[in-house]
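Below: one structure, written as structure tokens.
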Amino acid sequence: MTATPARRVLLAAPRGYCAGVDRAVIAVEKALEQYGSPIYVRHEIVHNKYVVRTLEKKGAIFVDETAEVPEGSIVMFSAHGVAPTVHAEAAERKLATIDATCPLVTKVHKEAVRFAKEDYDILLIGHEGHEEVIGTSGEAPDHITLVDGPGDVANVEVRDESKVVWLSQTTLSVDETMETVDALKQKFPLLLSPPSDDICYATQNRQIAVKQMGEDADLVIVVGSKNSSNSVRLVEVALGAGARDAHLVDGADEIDEAWLEGVRTVGLTSGASVPEILVEGVLEWLAQRGFEDVEIVKAAEESITFSLPKELRRDLRAEAAELSGK
């Protein structure tokens with residue numbers, strides 16, 4: 001008799017929180033400890049439902065627009081970054097601000113400003129409507145053209161083909177980005193590349209781990225929210241790497257048992273804004289269904305950390321009161 005193959009889980013490493021997300025979440029928690037609630041946060045601090053709900057319970061209030069924040073309050077900007085106009089709006093409303101923009105996103109903002117000053121046309125590779133793209137575009141709106149994938153390249157027009165540079169949203173698929181860059185270079189042979197790769201190190205590492213497990217996995221489960229660009233990309237990368245099936249879930253309660261039919265190997269990873277407790281919940285759910293053997297698929301070591309926003313070292317409640325004349 002042939003032995004039935006054991007059910008196993010291939011667990012990606014690294015996975016979950018990147019340094020920028022960790023910094024942003026801790027910044028909200030520290031602000032609440034230091035200044036008390038409410039702390040207003042413009043847009044979701046990171047794209048994860050569980051994180052947002054947890055911070056709301058601690059006293060954070062998430063708003064869509066700066067105009068929703070009462071004068072004399074503290075507002076925090078999310079890890080995805082904001083345009084200069086948002087900083088101006090906060091100043092007009094006499095708000096004390098904490099900028100939790102990921103330093104890697106800030107790097108792209110600075111590149112946009114520099115190339116705009118040098119009068120380049122900047123082709124920003126990214127997804128229309130994503131908060132990071134809106135923030136970066138706002139740094140140099142007259143110089144930036146959004147390129148939403150290879151299919152968008154045919155529509156791109158520039159003023160001077162000898163002065164064109166590309167930048168990108170940090171959370172894209174590496175493969176998709178380079179496919180777009182290749183198409184742009186065919187159209188604009190003198191296209192300049194940024195001084196360093198804009199794709200976030202964490203995004204790359206998580207995609208590499210999924211590629212390594214993809215061809216061995218019957219099913220890949222990616223833990224992450226649907227508005228998380230890097231989490232959505234992981235599903236696409238898994239399928240591209242040879243996984244028979246792949247799904248995005250916010251947690252174990254969203255897994256459909258029908259997905260396990262005929263499955264012997266499950267790949268498991270999580271997006272860069274996902275706390276480990278959600279992955280542990282999926283591992284427990286799988287173990288209850290016979291997937292108890294867990295193998296680590298290690299793509300890289302991550303030791304990067306970012307210091308907290310400098311504003312957390314000041315008395316922002318006093319600043320807010322002074323700004324509003326209270």
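The values are calculated or read from the model by the stated rules, or taken from the named source; none is laboratory data. Please read all numbers here as calculations on a predicted model, not as lab measurements. Backbone-built Cβ (ideal geometry, glycine too); neighbour counts: all protein chains shown. Side chains included, ligands, DNA and RNA excluded: accessible areas come from the protein's heavy atoms. Shrake-Rupley method; radii C 1.70, N 1.55, O 1.52, S 1.80 Å.
Distance from the C-alpha centroid of segment 264-305 to that of segment 26-99: 30 Å, rounded to the whole angstrom.
Estimated from helical segments only, the mean residue ellipticity of the chain at 222 nm is -11500 deg cm²/dmol, where each DSSP H run of four or more residues counts as -39500 (n - 2.57).
Shown here: segment 1-58, whose C-alpha atoms stretch 67, 21, 20 Å along the first, second and third principal axes, sorted largest to smallest. A viscosity of 1.002 mPa s and a temperature of 20 °C, combined with the Kirkwood radius over Cα pairs in Stokes-Einstein, give a translational diffusion coefficient for segment 93-177 of 158 µm²/s. Converting phi to 3J(HN,Hα) with the Karplus coefficients 6.51, -1.76 and 1.60 and the offset θ = phi - 60°, segment 316-323 yields 6, 4, 5, 4, 5, 5, 5, 4 Hz in sequence order, with x at every glycine or proline. Could you tell me the calculated FRET efficiency between Glu128 and Val158, based on Cβ-Cβ distance and R0 = 25 angstrom, to the nearest 0.05? Approximately 0.85, to the nearest 0.05. Within segment 198-228, what residues put their amide N at less than 12 Å from the label point 7 Å along the Cα-to-Cβ vector of Ala300? Answer for segment 198-228: 198-210.
In a reduced charge model with +1 at each Lys and Arg Cβ and -1 at each Asp and Glu Cβ, segment 97-205 shows a dipole moment near 320 debye about its Cα centre.
Inter-label distance, Leu308 to Arg53: 2.6 nm, where each label sits 7 Å from its Cα along the C-beta direction. What translational diffusion coefficient, in µm²/s and rounded to a whole number, does the Stokes-Einstein relation yield for the chain at 37 °C and a viscosity of 0.692 mPa s, taking the hydrodynamic radius as the Kirkwood radius over Cα pairs? The estimated diffusion coefficient comes to 155 µm²/s. Computed over the alpha-carbon pairs of segment 213-280, the distance histogram in 10 Å steps reads 24, 56, 20, 0 percent, short to long.
Per-atom-type breakdown for segment 145-219 gives carbon and sulfur 47% of the accessible area (1.4 Å probe, protein chains only). Projecting the Cα positions of Cys102, Met178, Val165 onto the charge dipole of segment 94-183 (unit charges on Cβ atoms of Lys, Arg, Asp and Glu, taken about the Cα centre) puts Cys102 furthest along the positive direction.
FRET efficiency for the pair Glu215 and Glu92, taken as 1/(1 + (r/R0)^6) with r the Cβ-Cβ distance and R0 = 41 Å, rounds to 0.15.
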